[in-house]
Amino acid sequence: MGTMKRREWLKTSLAAAGAAGLSGLPAAAAEGGPKFSKYFGADWELQKAYTLEVAEAMPAEKYGFKPVAEMRSFGEVLAHIGGSVYFMSATARGVQPPAEGRLEGEPTKEKVVAFLTSAFDYAAQAIAALDDTRAHEVVSVFGGRFTMSRAKLCEFMRNHTTHHRAYLLPYLRLNAIKPPDYRFTGRGESPV
């Protein structure tokens with residue numbers, strides 16, 4: 001899919017989600033159940049843990065691996081995830097992304113794992129700061145091309161992370177590495 005087709009798909013998908021009134025806040029929270037930050041924060045910790053497991057599974061010397069020349073390397077995909085997490089969580093917070101929200105230089109395993117850890121922790125702070133009123137506030141994203149609730153932006157951040165992390169599982173398999181087992185929920189009680 002070319003860049004223009006991807007942009008059109010993204011534009012159409014986000015517009016449809018907004019038109020459908022999808023706030024990203026689960027019905028349980030809207031009905032006085034768990035607050036968005038508790039509901040989504042628990043899921044975000046799982047996203048962090050699983051993404052870091054995938055990052056750790058690839059040996060450092062394979063971070064430059066690409067299945068074909070036109071694709072991003074394993075390290076580049078992870079760096080893209082981290083940068084996107086910084087960008088979207090800063091937007092949900094209502095601030096500019098921090099200077100450390102971009103990985104400079106070659107995406108080595110050591111740098112990428114530290115970058116991802118920092119990005120996920122930054123996002124967790126943004127999520128924790130979203131009370132239910134702020135979660136429903138509509139914000140402008142991607143240079144003003146779209147509007148959506150802060151909660152919906154957090155869900156988009158999670159989906160984007162999942163999408164790109166899923167790319168990496170075949171990278172591991174092509175290097176004879178079994179990917180970490182997928183987990184749907186974290187350990188312990190579900191917050192919802």
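Details
- Residues that are of a type in the set (A, V, I, L, M, F, W, C) and over 18 Å from Q96 (Cβ atoms), drawn from region 132-145: A135, V138
- Subset of region 131-146 that is part of a strand (DSSP E or B) and surrounded by 15 or more Cβ atoms within 10 Å (Cβ to Cβ) - its residue that is nearest to the chain's Cα centre (by Cα): V141
- Some residue of region 103-117 being within 17 Å of the chain's Cα centre (by Cα), surrounded by fewer than 16 Cβ atoms within 10 Å (Cβ to Cβ), within 15 Å of Q47 (Cβ to Cβ) and of a type outside the set (D, E, K, R): yes
- Residue match in region 71-84 (condition: of a type in the set (A, V, I, L, M) and surrounded by fewer than 17 Cβ atoms within 10 Å (Cβ to Cβ)): yes
- Scope region 148-165; condition surrounded by fewer than 15 Cβ atoms within 10 Å (Cβ to Cβ) and farther than 19 Å from F36 by Cα; matching residues: T162, H163
Residue-wise test of (1) among the polar types (S, T, N, Q); (2) at pLDDT below 95; (3) outside any loop (DSSP other than H, G, I, E, B).
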{"site": "M1", "(1), (2), (3)": "no, yes, no"}
{"site": "S23", "(1), (2), (3)": "yes, yes, no"}
{"site": "A28", "(1), (2), (3)": "no, yes, yes"}
{"site": "G32", "(1), (2), (3)": "no, yes, no"}
{"site": "G41", "(1), (2), (3)": "no, yes, yes"}
{"site": "E45", "(1), (2), (3)": "no, yes, yes"}
{"site": "A79", "(1), (2), (3)": "no, no, yes"}
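The values are calculated or read from the model by the stated rules, or taken from the named source; none is laboratory data. Not measured: the values here are computed from a predicted model. Please note: Cβ atoms are built from the backbone with ideal geometry, for glycine as well, and neighbour counts cover all protein chains shown.
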